[in-house]
Amino acid sequence: MELKEKILSSYVAFENGIDINSDIHEIRTEALENFEKLGFPTKKLEEWKYTSLNAVLKNDFSIFLNKENSVQFADVKEYFIHDIDTYKIVFIDGKYSSFLSDVTHDGKDICLLSSALSKSKYSSVIENYFNKVAKQDNLTALNTAFANEGAYIYIPKSVEVEKPIQIINFTTGSEAATMVQPRNLIVVEENAHVQIIERHQSLTSNAVLSNVVTEIFAGRNATVDYYKIQNDEENASLVDNTFVDQKSNSVVSVHTFSFGGNITRNNLNFYQNGEHIDSILKGITIIEGKQHVDHHTLVHHIEPNCESHQDYKGIFNDRSTGVFNGKVIVNKEAQKTNAYQQNNNVLISDKATINAKPQLEIFADDVKCSHGCTIGQLDNDALFYMQQRGIPVKEGKALLMYAFANTVLESVKIPEVKSRITKLIATKLGVNIGFDL
Amino acid sequence: MLKINNLHAKIEGKSILKGLNLEVNAGEVHAIMGPNGAGKSTLANIIAGKDDYDVTDGIIELNGEDISELAPEERAHNGVFLSFQYPVEIPGVSVTNFIKTAINQTRKAKGLEDMPAKDMLKMIREKSELLEIDRKFLSRSLNEGFSGGEKKRNEIFQMAMLEPKLSILDETDSGLDIDALRIVANGVNKLKSKDNAVIVITHYQRLLEYIVPDFVHVLYDGKIVKTGDASLALELEAKGYDWIKQELV
């Protein structure tokens, strides 16, 4: 059976496990109809021209795992940022792991979506926010149809969350192929502040497809710092659909570190519903082999006096392929917009490919919009210079690449995340140097 | 220390060096002068191991060991230092981190541990004072946006930090005003010892007023055609290179 058919026919089984009389379920059913119409994206769609899911979708995915799989903390510790205290919302094969998690309801809710969906005290937040910013394209619709579990984070007015929150989705590979669809809802009210680290991690070489939807609502003057660490096994594919709704004076930054996996597709969408908003989208991609990372970003400037800053750096080795499609829309009303986009790529091998496409749709006449895109190689003169000073080629290349990517790392606000990323980069580049530039 | 015998080299099929001989001993300062295109920078790059050139014949020995098959970093680990005519800009890497990495990679090649941070800082402080380098300068990206003088001073600073056996200064005087020239030359002189040697490549006699050579060589058309003492540099300054060309005919 084709995966699409399999998914559609499994819906009845899914409905058995949830409350089908809720308003939410109407949203799900509608989304399922959408997905039935749209199906999985194909390369015929402009937005999917350079990323094909065909090979991935041929896997015979298990869609709902009935087993409760568990993992030992010692075996997965390395995937946590464990040198600082954090809240943790951890899932194993799509199911909540209370053992690995550390949640709270003390003055804020850092917990599970399934419990928020089922308890009446959360109903007003769910009603106001659930599926309100997610756009119903193919894969988002699919996720919405089955939306039941994921992180639920609600930070009330003026609350500054005292430590970062980690959202980690493990897949154990207990099945030959596993599909999971986490759904995260993050509501940060006026003047509140939160830092979140998200990771999807397969624990075996079995095939995994994660189709994630994350909705983030940042109220007036709220601050959200979001870090996505994508460094998965080579058979694990990820489609990350993130939608950010910002109100006036809010600052939201999303850093995406894509260091591995099979196919990684990031759909990162920002909607600026207010004035004096700052949206920051940054990413470092370092891949090799036949890995593929696709960044599709959208910043929609709807109202005046807002800013957006995009900075994506990519380093591609072997036969790896990358896509950067950065779309900026400036509405007619959005005067005095300052939209900045930078995308720089280094191809280490002759066989590596990057498809880069800035897309600017500007309808206002008093704006500053800049974009720069470069594709290059490492500077041989710089390498010789470094060698002459005693730095071997491998270390010299690593230093050049790290320096190249460093503009993105500079704005990481959690030192432990920064040092973790630095270590991951050193490991990826096969060197043992400090990089403290 | 350095012994070059019958060196022939080509770049893109064009012969640049055509049987060059040079011997430099510890404790000596040699100047290599010559008109544009004579092969001065080619010689410097070949000693340092740049692989853009085809060395078709000849021997390069450092302390009795043939270095012609060694990678540039291995030559550096053996004590070869080249002060670049055009130092490369490396955005995002600070001067301090660069030199730290260079020193520790060199130590690693010799089987030594990283230099303790305290010792490194002390050394950086001493050597930057020697070259009259502002400390703020050390946290800037390597050579990025540096003036010509700053770049050259930074080269000599790195030389001071790495303590090479053989230093080749490739047109270190170009782009320097008289004050910077004095600082750079003073630095080089202070680093001179009976155990190391310096090759100064220059067009002009000016630098040699400060760094006094034991030998002056004239490089012309890929060969050393004349060798003398410091007075040869003065003669070249006064008379140009034409008389040498005529002598050769």
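Every test in (1) within 30 Å of A:Glu410 (Cα to Cα); (2) assigned to a strand (DSSP E or B) is passed by B:Glu113 save one, and that test is (2).
Among the criteria (1) touching a Leu at 6+ places or on another chain (Cβ under 8 Å); (2) within 19 Å of A:Lys282 (Cα to Cα); (3) in contact (Cβ under 8 Å) with a residue 12 or more places away in the chain, the one A:Gly396 does not fulfil is (2). Across segment A:245-304, the qualifying residues are those that are farther than 27 Å from A:Gln201 by Cβ and among the polar types (S, T, N, Q), and the one among them that is surrounded by the most Cβ atoms within 10 Å (Cβ to Cβ) is A:Gln272.
Restricting to segment B:142-165, count the residues that are free of Cβ contacts under 8 Å to residues at least 60 places away in the same chain and of a type in the set (D, E, K, R). The qualifying residues number 4.
Evaluating A:Asp240 against the criteria (1) assigned to a strand (DSSP E or B); (2) among the charged types (D, E, K, R); (3) touching a Gly at 6+ places or on another chain (Cβ under 7 Å) leaves one unmet condition, (3).
For B:Ser141, are the conditions met, namely being over 18 Å from A:Lys397 (Cβ atoms) and of a type in the set (Gly, Ala, Ser)? Here the answer is no, as B:Ser141 does not meet what is asked.
In the set A:Glu68, A:Glu36, A:Glu46, only one residue is surrounded by 15 or more Cβ atoms within 10 Å (Cβ to Cβ) and free of Cβ contacts under 8 Å to residues at least 60 places away in the same chain; that residue is A:Glu36.
Check segment A:402-424 and report whether any residue there is of a type outside the set (Val, Ile, Thr), surrounded by fewer than 19 Cβ atoms within 10 Å (Cβ to Cβ), without any contact (Cβ under 8 Å) to a residue 40 or more places away in the chain and farther than 21 Å from A:Lys282 by Cβ. Checked segment A:402-424: no residue is of a type outside the set (Val, Ile, Thr), surrounded by fewer than 19 Cβ atoms within 10 Å (Cβ to Cβ), without any contact (Cβ under 8 Å) to a residue 40 or more places away in the chain and farther than 21 Å from A:Lys282 by Cβ. The residue list B:Ile11, B:Ile59 contains one member that is surrounded by fewer than 21 Cβ atoms within 10 Å (Cβ to Cβ), touching a Phe, Trp or Tyr at 6+ places or on another chain (Cβ under 7 Å) and away from chain A (no Cβ under 14 Å), which is B:Ile11.
For B:Val188, the criteria (1) more than 14 Å from every other protein chain (Cβ to nearest Cβ); (2) in contact (Cβ under 8 Å) with a residue 60 or more places away in the chain; (3) touching a strand residue (DSSP E or B) at 6+ places or on another chain (Cβ under 9 Å) hold in every case but one, which is (2).
Kindly provide the set of residues from segment A:114-149 that are among the small types (Gly, Ala, Ser) and touching a residue at least 24 places away in the same chain (Cβ under 8 Å), ordered by number. Walk me through it before giving the result.
Step one: list which residues in segment A:114-149 are among the small types (Gly, Ala, Ser), which gives A:114-116, A:118, A:120, A:123-124, A:134, A:141, A:145, A:147.
Passing the criteria: A:Ser114, A:Ser115, A:Ala116, A:Ser118, A:Ala134, A:Ala141, A:Ala145, A:Ala147.
Within segment B:47-65, track down each residue that is within 17 Å of A:Asn380 (Cβ to Cβ), modelled with pLDDT of 95 or more and in contact with a strand residue (DSSP E or B) (Cβ under 6 Å, 6 or more places away or on another chain). Selection gives B:Ala48 alone. When the residues of segment B:26-56 are filtered to those that are over 15 Å from the mean Cα position of the chain (by Cα), more than 26 Å from B:Asp229 (Cα to Cα) and part of a loop (DSSP other than H, G, I, E, B), the one that is farthest from the other protein chains (Cβ to nearest Cβ) is B:Tyr53.
Screening B:Glu23 against (1) more than 24 Å from B:Trp243 (Cβ to Cβ); (2) in a loop (DSSP other than H, G, I, E, B); (3) away from chain A (no Cβ under 14 Å) leaves a single unmet condition, (2).
Looking across segment A:384-401, the residues that are part of a helix (DSSP H, G or I), aliphatic (A, V, I, L, M) and at the interface with another protein chain (Cβ under 8 Å from one of its Cβ atoms) come down to A:Met386, A:Val393, A:Leu399, A:Leu400. The residue pairs whose first member lies in segment A:201-215 and is free of Cβ contacts under 8 Å to residues at least 40 places away in the same chain, whose second member is of a type in the set (A, V, I, L, M) and surrounded by fewer than 22 Cβ atoms within 10 Å (Cβ to Cβ), and whose beta carbons are closer than 8 Å, counting only pairs six or more residues apart or on different chains, are A:Asn206/A:Ala176; A:Asn206/A:Ala177; A:Val208/A:Ala177. As a summary of the residue check, A:Ala74 satisfies the conditions (1) aliphatic (A, V, I, L, M); (2) in contact (Cβ under 8 Å) with a residue 24 or more places away in the chain; (3) assigned to a helix (DSSP H, G or I) except for the one numbered (2).
Looking only at residues of segment B:76-86 that are at the interface with chain A (Cβ under 7 Å from one of its Cβ atoms) and outside any helix (DSSP H, G or I), we find that the one that is surrounded by the most Cβ atoms within 10 Å (Cβ to Cβ) is B:Leu82. Please indicate, with yes or no, whether at least one residue in segment A:91-105 is farther than 30 Å from A:Ser118 by Cβ and either surrounded by 19 or more Cβ atoms within 10 Å (Cβ to Cβ) or of a type in the set (A, V, I, L, M, F, W, C) (or both). No; the residues of segment A:91-105 include none that is farther than 30 Å from A:Ser118 by Cβ and either surrounded by 19 or more Cβ atoms within 10 Å (Cβ to Cβ) or of a type in the set (A, V, I, L, M, F, W, C) (or both).
Taking the conditions (1) touching an Asp or Glu at 6+ places or on another chain (Cβ under 9 Å); (2) within 12 Å of chain A (Cβ to nearest Cβ) in turn, B:Ile99 satisfies each one other than (1). Filter segment A:402-437 for residues that are within 14 Å of chain B (Cβ to nearest Cβ), out of contact with any helix residue (DSSP H, G or I) (no Cβ under 8 Å at 6 or more places or on another chain), part of a helix (DSSP H, G or I) and not small (Gly, Ala, Ser) and give the result. A:Phe404, A:Asn406, A:Thr407, A:Val408 - these are the residues of segment A:402-437 that are within 14 Å of chain B (Cβ to nearest Cβ), out of contact with any helix residue (DSSP H, G or I) (no Cβ under 8 Å at 6 or more places or on another chain), part of a helix (DSSP H, G or I) and not small (Gly, Ala, Ser). Within segment A:255-283, the set of residues being small (Gly, Ala, Ser) and in a strand (DSSP E or B) comprises A:Ser258, A:Gly260, A:Ser279, A:Gly283.
Answer with yes or no whether A:Phe35 is more than 12 Å from A:Ala145 (Cβ to Cβ), at pLDDT 95 or above and hydrophobic (A, V, I, L, M, F, W, C). No. Taking segment B:39-56, which residues are surrounded by fewer than 17 Cβ atoms within 10 Å (Cβ to Cβ) and charged (D, E, K, R)? Selection gives B:Asp51, B:Asp52, B:Asp54. None of B:Glu144, B:Glu73 is more than 8 Å from every other protein chain (Cβ to nearest Cβ) and among the charged types (D, E, K, R) except B:Glu144.
For B:Ser139, the criteria (1) within 14 Å of another protein chain (Cβ to nearest Cβ); (2) within 19 Å of B:Ala44 (Cβ to Cβ); (3) hydroxyl-bearing (Ser, Thr, Tyr) hold in every case but one, which is (2).
The values are calculated or read from the model by the stated rules, or taken from the named source; none is laboratory data. Computed from a predicted structure; not experimentally measured. Neighbour counts run over all protein chains shown; Cβ positions are idealised from the backbone, glycine included.
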